[in-house]
């Protein structure tokens, strides 16, 4: 007869572990009925409930929850069963665990669950977490869920967070960046559009005085640069055409007595004429490349279109090649 309580000598897995990995509910039930502990950790501190969540075996997961297995147990990596269901996009398993214990949505300070879900891009799981008021806290890198979604480029999750009143101009811990910085730096134009439509601050700069457009240009995301500069120019136009508060009506002031006016020395009254107004010079668009010139260099071989334009005469493996262009050739170049 098979020993239903046997333990593997190497990975320390029981039959309950193997049944949860394979998704065999009948074997799992038989193992538990024979006395196998359904909440026994293996060599990696993973319990059967971890493997059921990893492999999206919903029936096994439901049975293990009914047997009282801990949904908060962590393995050697510090991960819960919910973490694995979320990372792998197993929506029903995640819902089952969350309904059993909504407090797992809080996660821990080093790995907040909502930020991790935003990074993985599973919109349904993000909605589930927001419905149970998951902690909107920063992760170990000092980034809030809005930063994470903007950096990775998950437009749908950005919209979900904004619909749940996530602050569009939240600042991260280390760089002083708002979400639009991350979207611009990574070249996610659609994320930038969503943030612009939500009223993100266009005048924001980081601790070094650099704008999101600067980082978009630095990374070569020209579509993002154009989008940001057009929005900045439009915002400047709107501010320039806003009506100023009207001055108080002089007709509302009480008039002086005519006899008093006649007794005034008109020569002693200074001229009230004003010089022409100074109209400030307004620059529309960008000026962060004002002293730089963009040069497009195309290399082509004289021997033919298929020939390599650059040939190296040694066998060294080079990771990168740098081309320096100067206005006047330096000595030795």
Item to check | Rounded, prolate or oblate (a/c below 1.5 giving rounded, otherwise prolate when a/b exceeds b/c) for region 1-86 by Cα gyration tensor | outcome: oblate
Checklist entry - For region 48-145, what does the alpha-carbon gyration tensor say about shape, rounded, prolate or oblate, given a ≥ b ≥ c as the root eigenvalues, a/c under 1.5 as rounded, and a/b over b/c as prolate? => result prolate
Checklist entry - How do 43, 63 line up, fewest other C-beta atoms within 10 Å first? => result 43, 63
Checklist entry - If we count other beta carbons within 10 Å of each Cβ, what is the order of 180, 170, 126, 148, fewest first? => result 170, 126, 148, 180
Item to check | Pair residue 100, residue 222: separation of 7 Å Cα→Cβ label points (nm) | outcome: 5.5
Item to check | Stretch gain in nm, segment residue 203-residue 163, where the contour uses 0.36 nm per residue and the Cα spacing is subtracted | outcome: 12.1 nm
Item to check | Calculated FRET efficiency for the pair residue 123/residue 34, C-beta based, R₀ 35 Å, to 0.05 | outcome: 0.25
Checklist entry - Taking 0.36 nm per intervening residue step and subtracting the Cα-Cα distance, what contour gain separates residue 70 from residue 233 on full extension? => result 53.1 nm
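Every number in this text was worked out from the coordinates using simple rules, so none of it is lab data. Small disclaimer: the values here were computed from a predicted structure and weren't measured. Cβ: placed from backbone, ideal geometry, glycine included. Neighbour counts: every protein chain shown.
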